[in-house]
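Working notes for the structure below.
The values are calculated or read from the model by the stated rules, or taken from the named source; none is laboratory data. The structure displayed is predicted, hence computed values, not measured ones. Ideal geometry is used to build each Cβ from the backbone, glycine not excepted, and the neighbour counts take in all protein chains shown.
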Amino acid sequence: MSNSNAPDSPAAVIEVRNGSFSYGETPALRNVSFQVARGDFVGIVGPNGSGKSTLLKIVDGILTPQEGESLLLEKPVRSYGRKYLAREVALVPQSFTLDFDFAVHEVVDMGRYARKGLETHGLSTDELLEKLEIDALKDRRFPELSGGEKQMVVLAQALAQEPSLLLLDEPAAHLDVSYQLRLFDWLKKLNNEGLTIVCVLHDLNLALLYFESMLVFSEGKLFASGPTEEVLTPETIEAVYGVHAYLHRHAGRTFLTFSPRSRPTRKEKVHLLCGGGTGAHLMRELVDLGYSVSVGVVNAMDTDEVTARELGLPIAAEAPFTPITDEAYRENMSLVEKADLVLLTDVPLGAGNIRNLDSLREAAVMGKDVWVLDGVAERDFTGLATGILEGLVDVRYLRDTQTMLVDLGERV
């Protein structure tokens, strides 16, 4: 593959200028413009029906934009013959079926048709199968293969065309996790060898893991584009998909978790006394239900502190492995005072966090509603918990977190 800095190498392999396309009265793409440079590894994401597959068909010349234009190597796609396009562009569709009982090597050989009569410089069929680690399938009948095996064979067929551009339309849609990772590992290797790749996919975490840059589509429009971690932000995901997204970073990886968009905001303010990951699920559930939530006292970098920070909640925090100081206690009490309901999770109680029970007692004395998960004595490693809570007659003890959520839902 030519280097993008070579004088005869166009800066853009693909360029779409103000492209629009409709199926009858239904718009599929609306005034879309973007470029893909030689050697790029680009993912395309967006909800169903946002125009992603239509865009690939326009780039591949299967469809022609009704407005604007699509360029390949700086020339209109429509100016190329179909056979020439097949030498430059290979498309791996969502699904590939055959009505005939071909062997795997015969299916891969079909990709050579575009090169008929020309000298080939790529790998032979046997070499392609070996390169993709599917040479054991060579003589198997294609209809007998699993979905993942078929997808790898279709990829081999596309590579047999020796394209300069590889387009993939949701290649991992029907694959299990092992085949998804195997497929994208190979795509990354092929890109590192110089192949320009544009891939439509649904899994945003796969996008974060593998792709350098992204195009995000919504309702036929290009909503956002750029480096993957700059584009796949919680704000963009909520605007496009209508769900809350939470961005996490761990062990050098970035990944997303999701929850439904919040229901209408409730007036009640809930303060969680938690720690050690015992409040993470509950605080997310409460936020999704529309409650105003605060958290304390938790240690910095504790799972509950990290989750609360990701959710943008008010937090009273203490340094790691440090008992609750007077300053952190006062900060926690300021959050307690603003709350209507104070919840104590099933957090283990030790010398570092036992003062959270003092704040719980103060909340009860103030007349706040106080709910506690059963089993405090069993979780207490100080021997102080029973004495701190003694005499608090209005504290409500609940069996588990689910019961707590159900009872919250029944409150007026």
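Filtering segment 45-86 to residues that are over 19 Å from Glu15 (Cβ atoms) and among the basic types (Lys, Arg) leaves Arg82, Lys83.
Listed here are the residues, each with its yes/no results for (1) under 28 Å from the mean Cα position of the chain (by Cα); (2) modelled with pLDDT under 95; (3) within 23 Å of Ala239 (Cβ to Cβ); (4) of a type in the set (Lys, Arg).
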{"position": "Ser4", "(1), (2), (3), (4)": "no, yes, no, no"}
{"position": "Ala11", "(1), (2), (3), (4)": "no, yes, no, no"}
{"position": "Val42", "(1), (2), (3), (4)": "yes, no, yes, no"}
{"position": "Pro47", "(1), (2), (3), (4)": "yes, yes, yes, no"}
{"position": "Pro76", "(1), (2), (3), (4)": "no, yes, no, no"}
{"position": "Tyr84", "(1), (2), (3), (4)": "no, yes, no, no"}
{"position": "Phe100", "(1), (2), (3), (4)": "no, yes, no, no"}
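Within segment 160-198, the residues that satisfy the criterion of being closer than 17 Å to Gly147 by Cβ and either among the charged types (D, E, K, R) or not in a helix (DSSP H, G or I) (or both) are Leu168, Asp169, Glu170, Pro171, Ala172, Ala173, His174, Leu175, Asp176, Arg182. Scanning segment 111-132 for residues that are modelled with pLDDT under 85 and of a type in the set (D, E, K, R), we see that the one that is nearest to the chain's Cα centre (by Cα) is Lys131.
Checking each residue in segment 281-301 for being in contact with a strand residue (DSSP E or B) (Cβ under 8 Å, 6 or more places away or on another chain) and either of a type in the set (D, E, K, R) or assigned to a loop (DSSP other than H, G, I, E, B) (or both) picks out Arg284, Asp288, Tyr291, Ala300. Checked against the criteria, Gly51 does not count as at pLDDT 90 or above, touching a helix residue (DSSP H, G or I) at 6+ places or on another chain (Cβ under 8 Å) and over 30 Å from Asp139 (Cβ atoms).
Annotation: of all residues in segment 165-180 being of a type outside the set (Asp, Glu) and at pLDDT 90 or above, the one that is farthest from the chain's Cα centre (by Cα) is Leu165. Quick one: Gln157 ticks every box in (1) farther than 20 Å from Asp185 by Cα; (2) in contact with a Gly (Cβ under 7 Å, 6 or more places away or on another chain) bar one, so which box is it? Single failed check for Gln157: (1).
Of the residues making up segment 318-346, those that are modelled with pLDDT of 90 or more and within 25 Å of Leu247 (Cα to Cα) number 1. So is Asp185 in contact with a Pro (Cβ under 6 Å, 6 or more places away or on another chain) and within 26 Å of Asp126 (Cα to Cα) or not? No; evaluated as a whole, the condition is false for this residue. Is there any pair with a first residue in segment 141-158 that is outside the structural domain of Val92 (by TED's automatic domain parsing) and of a type in the set (D, E, K, R) and a second that is assigned to a helix (DSSP H, G or I) and surrounded by fewer than 18 Cβ atoms within 10 Å (Cβ to Cβ) whose Cβ atoms are under 7 Å apart and which are 6 or more apart or on different chains, and what are they? Note: no pairs meet the criteria. If you scan segment 190-204, which residues turn out to be surrounded by 15 or more Cβ atoms within 10 Å (Cβ to Cβ) and of a type outside the set (Val, Ile, Thr)? Those that are surrounded by 15 or more Cβ atoms within 10 Å (Cβ to Cβ) and of a type outside the set (Val, Ile, Thr): Leu190, Asn191, Leu195, Cys199, Leu201, Asp203, Leu204. Answer with yes or no whether Ala224 is farther than 30 Å from Arg82 by Cβ and outside any loop (DSSP other than H, G, I, E, B). When the stated conditions are applied, Ala224 passes them. Among the residues of this structure, Phe102 counts as one that is aromatic (Phe, Trp, Tyr) and in contact with a Pro (Cβ under 9 Å, 6 or more places away or on another chain). Val406 meets each of the listed conditions (1) on the phi < 0 side of the Ramachandran plot; (2) outside any helix (DSSP H, G or I); (3) within 35 Å of the chain's Cα centre (by Cα) apart from (2).
Taken residue by residue, segment 30-52 has no member that is touching a Leu at 6+ places or on another chain (Cβ under 6 Å), of a type in the set (S, T, N, Q) and farther than 30 Å from Ile134 by Cβ. Determine whether Arg355 is surrounded by 18 or more Cβ atoms within 10 Å (Cβ to Cβ), more than 30 Å from Glu235 (Cα to Cα) and touching a helix residue (DSSP H, G or I) at 6+ places or on another chain (Cβ under 9 Å). Answer is yes for this residue. Pro227 - would you say it is closer than 30 Å to Ala319 by Cβ and surrounded by fewer than 18 Cβ atoms within 10 Å (Cβ to Cβ)? Here the answer is no, as Pro227 does not meet what is asked.
Of all positions in segment 362-377, none carries a residue that is touching a Pro at 6+ places or on another chain (Cβ under 6 Å) and either of a type outside the set (Lys, Arg) or surrounded by 21 or more Cβ atoms within 10 Å (Cβ to Cβ) (or both). Residue check: Pro314 meets all listed conditions (1) under 17 Å from Ile354 (Cβ atoms); (2) modelled with pLDDT of 90 or more; (3) in contact with a strand residue (DSSP E or B) (Cβ under 9 Å, 6 or more places away or on another chain) but one, namely (1).
Identification of strands (runs of 3 or more DSSP E) wholly contained in segment 302-387 with 1 or more residues that are more than 24 Å from Arg399 (Cβ to Cβ) and touching a residue at least 12 places away in the same chain (Cβ under 8 Å) yields 315-318.
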